[in-house]
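Asker: Got a structure here, written out as structure tokens. Questions coming.
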Amino acid sequence: MLYSKLFGKTNKQAKEYDSINATLLQKAGFIDQVMAGVYTYLPLGNRVLSKIENLIRREMDKIASEILMPAIVPKQLWEKSGRLETVDVLMKTAPANAVSKTKNDTEYILSCTHEEVVTALAEKFNLSYKDFPFAVYQIQSKFRNEPRAKSGLLRGREFRMKDLYSFHTSEEDLKKYYEVVKESYWEVFRKIGIADETYVVLASGGDFTDDYSHEFQTTCETGEDTLFHIPSKSLTFNKEVAPSRAPILSLTEEIFPMSEVEGKGIKGVEALAKYLKIPVEKTTKTLIYQTDKGEVIAAAVRGGYEVNEEKLKKAAGCKKLQLASSEIVKKTTGAEVGYAGLLNLPDEVKVVMDESLNDRKNFEMGANKTDFHSVNVNFGRDLPEPEKYYDIKTAKDGDLYPETGEKYQVFKASEVGNIFPLNTKYSEAFNYYFTDEKGEKKLVYMGCYGIGSSRIMGVIAEKYNDDRGLIWPESVAPFKVHLIGLDLKEESIKKHAFSFYDLLQKKDIEVLFDDREDVSAGAKFGDADLIGIPFRLVISKRTGDKIEFKKRTEKETQLLNSEEIIKRFT
RNA sequence: CGGGAUGUAGUUCAUCGGUAGAACGCUCGGUUCGGGACCGAGAGGUAGUGGGUUCAAUUCCCGCCAUCCCGACCA
């Protein structure tokens, strides 16, 4: 490719964004923003995206068949699964022109994932046990109405994804294939070059499953997920599900008499701790919840922690819960919201205490009296020890893994892939049965598996760069070499450069040739560094009949002849 | 969805109650040519949008839209 013919240009004064990928990919001319979270992939960006997707495709073809489903689909499919109601990022088309004579104002769903379509599809063809197992995948643009698109390609409203769906006659077979996909994903990440910094992470199954799901997370400062890692067990949890034990506090102090302190209008543990002149760890956060069963729950965690509602649901044995209304809080505690504690609660209130409350003395707690806090509360004397402590807090940096007592390693990451056992969720919704050997009808087991190809492009940009620009791994670089021609107004040099360019192409070495004649050397070098192609070659009057060779990651250059160069790339 | 900010040339920004200016980019001419050169000339704007205040609004006020940032959310 001749640089002079390449659509798109570098723009070194383009805006700086919060994320490196948004800034550099736009400065270097890989993408162009059309609206928040929606981008055009320019030739350079499109080539990277294609490379990533082709690497994915090559691995997926070993375990599934590629298909292409539509992006717009009828609402009925989503009504059938019930997700029309539950997926709040779902986008739909709306009639743009209501006065058209041939108006068709039916609304369609802009797909964010394809469980519905693929289940309905499979049901048309594969109904005999002999057809199973099978799997199909596609690589396609997806739509999600993110409340807040951000960080360039890391969180878009239209993005690229590979999604794979598998179908099985039993849960065991699904589990077997699940492991096959896991290994296949590892191979993809190895090929792309991010496997070393990628973790399989236990995460919430969300709507899809009550079990953990598995996410593939690549370490990345700009990433939105926080991982809790235990090296000795090779275990990694997403923050949303990480089991946690709070670090132990010192217990050497003597016990003081309990009293009530007025703290009018003081909200939040930070302000309270400051007001009472006690460490935050000595405060107690008590939240009043109501459950789907009509129960009222008082959930308490050590100050500085947040209540994790998923964990609380499990501890309380309920499917749904929400923060209680201010009326219920008042009825339950006798105080306005903000002064709840565990002292003197009505008997019918179910108390769930986090283990972080355990090893404390002389702690604070809401007094269940508007504007008042109890201080120097102690278990045994003022408050009975619970039969059981739970883990209902969101883990934070410094916490321990309860099973081994080890301190978690905590780091940020971005989710590049995920796999869910769907089991029979969708086959039930769609009445998708197969007939087994005995002629009996049974529900199909399904799994779904995604890789975010455009997000991977963003993550790579985020991880591989320096103060001069991008540094693409060879596997996904838009071109393998960046050939720079200087002094091209001199006929002999121009000839040399073009014939070497032809030779590279003949040898199938992907080359971007900066053939611009009216651009200074410095500008060309700057562009090459910004674009980040792994190898730079220079032909100029200074190189004579040889060619200068330099890696993007290194400073040193070498003068080589064309055979030596070709050898390096074949 | 809550909080904050912004919207002016292709881009990044400046300016101002009396209808706009720089830098970069672009075009032409010339000099340069190994780390983002220089000189000269030139093209390019209904100031996001709708309303209000005013003799006069790009400027002040309000609504809407859009973008960015923080937070909530994230099947």
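Quick note: the coordinates plus some simple rules give every number you see, no bench work behind them. Nothing here was measured: the structure is a model prediction, and the numbers come from that model. Please note: Cβ atoms are built from the backbone with ideal geometry, for glycine as well, and neighbour counts cover all protein chains shown.
Asker: In region A:126-176, what residues are among the small types (Gly, Ala, Ser), in contact with a Gly (Cβ under 6 Å, 6 or more places away or on another chain) and buried (at least 22 other Cβ atoms within 10 Å of the Cβ)?
Answerer: Selection gives A:Gly152, A:Gly156, A:Ser166.
Asker: Can you tell me which condition A:Leu559 does not meet? The list is (1) out of contact with any Asp or Glu (no Cβ under 8 Å at 6 or more places or on another chain); (2) surrounded by 13 or more Cβ atoms within 10 Å (Cβ to Cβ), and all the others hold.
Answerer: So the condition that A:Leu559 fails would be (1).
Residues are listed down the side, and each one gets a yes or a no for (1) of a type in the set (Gly, Ala, Ser); (2) over 29 Å from the mean Cα position of the chain (by Cα):
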| site | (1), (2) |
| --- | --- |
| A:Lys442 | no, yes |
| A:Ile451 | no, no |
| A:Ile460 | no, no |
| A:Gly469 | yes, no |
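Asker: Would you mind stating whether A:Ile484 is surrounded by 15 or more Cβ atoms within 10 Å (Cβ to Cβ) and within 16 Å of RNA strand B (Cβ to nearest atom)?
Answerer: Values: surrounded by 15 or more Cβ atoms within 10 Å (Cβ to Cβ): yes; within 16 Å of RNA strand B (Cβ to nearest atom): yes.
Yes: the conditions hold for A:Ile484.
Asker: Just give me the residues in region A:1-38 being more than 27 Å from A:Arg190 (Cα to Cα), not basic (Lys, Arg) and not in a loop (DSSP other than H, G, I, E, B), in sequence order.
Answerer: Answer for region A:1-38, where residues must be more than 27 Å from A:Arg190 (Cα to Cα), not basic (Lys, Arg) and not in a loop (DSSP other than H, G, I, E, B): A:Leu2, A:Tyr3, A:Ser4, A:Asp32, A:Gln33, A:Val34, A:Met35, A:Val38.
Asker: Hey, which of the strands (runs of 3 or more DSSP E) in region A:87-190, taking only ones fully inside, have at least 1 residues that are under 18 Å from A:Ser65 (Cβ atoms) and within 16 Å of RNA strand B (Cβ to nearest atom)?
Answerer: Counting at least 1 such residues, we get A:134-143, A:158-168.
Asker: On to the next question. Among the residues of region A:454-510, what is the count of those that are over 23 Å from A:Lys412 (Cα atoms), of a type in the set (Ser, Thr, Tyr) and touching a strand residue (DSSP E or B) at 6+ places or on another chain (Cβ under 8 Å)?
Answerer: Residues in region A:454-510 being over 23 Å from A:Lys412 (Cα atoms), of a type in the set (Ser, Thr, Tyr) and touching a strand residue (DSSP E or B) at 6+ places or on another chain (Cβ under 8 Å): 1 in total.
Asker: Can I ask one more? Is there a residue in region A:515-524 that is under 14 Å from A:Ile484 (Cβ atoms), near RNA strand B (Cβ under 7 Å from one of its atoms) and touching a residue at least 12 places away in the same chain (Cβ under 8 Å)?
Answerer: Scanning region A:515-524 turns up at least one residue that is under 14 Å from A:Ile484 (Cβ atoms), near RNA strand B (Cβ under 7 Å from one of its atoms) and touching a residue at least 12 places away in the same chain (Cβ under 8 Å).
Asker: Does A:Glu428 qualify as being acidic (Asp, Glu), free of Cβ contacts under 8 Å to residues at least 24 places away in the same chain, within 16 Å of RNA strand B (Cβ to nearest atom) and not in a loop (DSSP other than H, G, I, E, B)?
Answerer: Yes; evaluated as a whole, the condition is true for this residue.
Asker: Are there any pairs with C-beta distances below 9 angstrom linking a residue in region A:151-167 that is on the phi > 0 side of the Ramachandran plot to a residue that is within 10 Å of RNA strand B (Cβ to nearest atom) and among the hydroxyl-bearing types (Ser, Thr, Tyr), with the two at least 6 apart or on different chains, and if so which?
Answerer: A:Ser151/A:Tyr17; A:Ser151/A:Ser19; A:Ser151/A:Thr222; A:Gly152/A:Tyr17; A:Gly152/A:Ser19; A:Gly152/A:Thr23; A:Gly152/A:Tyr39; A:Gly152/A:Thr222
Asker: Checking A:Gly317 against (1) within 35 Å of the chain's Cα centre (by Cα); (2) surrounded by 18 or more Cβ atoms within 10 Å (Cβ to Cβ), which test does it fail?
Answerer: Single failed check for A:Gly317: (2).
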